[in-house]
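Take a look at the structure set out below.
The values are calculated or read from the model by the stated rules, or taken from the named source; none is laboratory data. Just so you know, these numbers come straight off a predicted model, no measurement behind them. Heads up, the Cβs are rebuilt from the backbone with ideal geometry, glycines too, and the neighbour counts pull from every protein chain shown. Quick note on the areas: whole protein, heavy atoms, side chains included, nothing else; ligands and nucleic acids left out. Shrake-Rupley method; radii C 1.70, N 1.55, O 1.52, S 1.80 Å.
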Amino acid sequence: RNDRDLVQELIPDAINKYKQELKQKDLKITIDEKNFLPDDSAGGVELYAMGGKIKVSNTIEARLSMIFNQILPEIREKLFGVNLNRKYHD
């Protein structure tokens, strides 16, 4: 909500880049004026396409969650050692 004007300002450039890269002719970007990120969010954007069938969450919280899930096996191994019952281990 706080960066709405900035996002609106960046839309024309995003459309031009998308059209150049993917050779798309028709493209429409709108800001959902009813559903902003929560006020306590650290920031970012959520993008929806194909009538909501495709969602890309590029928020700080989503990125941290993704990184955490990627390094979780390493954290688990450092805390508890190698689990020989796991399918993938050295």
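Multiplying the sequence separation of ASP26 and ILE71 by 0.36 nm and subtracting their Cα-Cα distance, what value in nm do you get?
On the way: separation 45, 0.36 × 45 = 16.20 nm, distance 3.95 nm.
Length difference between fully extended and current span is 12.3 nm.
Given R₀ = 22 Å, what would the calculated FRET efficiency be for ALA49 paired with ASN2, taking r from the Cβ atoms and rounding to 0.05?
0.35
222 nm [θ] for the chain, helices only, -39500 (n - 2.57) per DSSP H run of 4+, per residue, to 500?
Details: 2 runs with 40 residues, N = 90.
It lands at -15500 deg cm²/dmol.
Classify the stretch 22-69 as rounded, prolate or oblate from the Cα gyration tensor: take a ≥ b ≥ c as the square roots of its eigenvalues, call it rounded if a/c is under 1.5, otherwise prolate when a/b beats b/c and oblate if not.
Here the stretch 22-69 falls in the oblate category.
Once the chain is represented by equal point scatterers at the alpha-carbon sites, with solvent omitted, what log10 I(q)/I(0) does the Debye formula produce at q = 0.10, 0.15, 0.21 Å⁻¹?
Log10 I(q)/I(0), no solvent term: -0.46, -0.75, -1.11.
Over the chain, average the accessible area per residue using a 1.4 Å probe and give it in Å², no decimals.
Details: 8510 Å² over 90 residues.
Each residue of the chain exposes 95 Å² on average to a 1.4 Å probe.
By how many nm would the segment from PHE36 to ALA62 lengthen if fully extended, with 0.36 nm per residue of separation less the alpha-carbon distance? Present the calculation step by step, with values, prior to reporting the outcome.
Numbers: separation 26, 0.36 × 26 = 9.36 nm, distance 1.53 nm.
Stretched fully, the PHE36-ALA62 segment lengthens by 7.8 nm.
What is the mean projected area of the alpha carbon convex hull for the stretch 43-89, to one decimal in square nanometres?
4.9 nm²
How large, in percent, is the carbon and sulfur part of the accessible surface of the chain at a probe radius of 1.4 Å?
C and S fraction of accessible area: 53 percent.
What do you get for the angle between helix 60-80 and the principal long axis of the chain? Use alpha-carbon atoms, 0 to 90 degrees, nearest ten.
Taking the Cα atoms of the chain, the angle to 60-80 is about 10 degrees.
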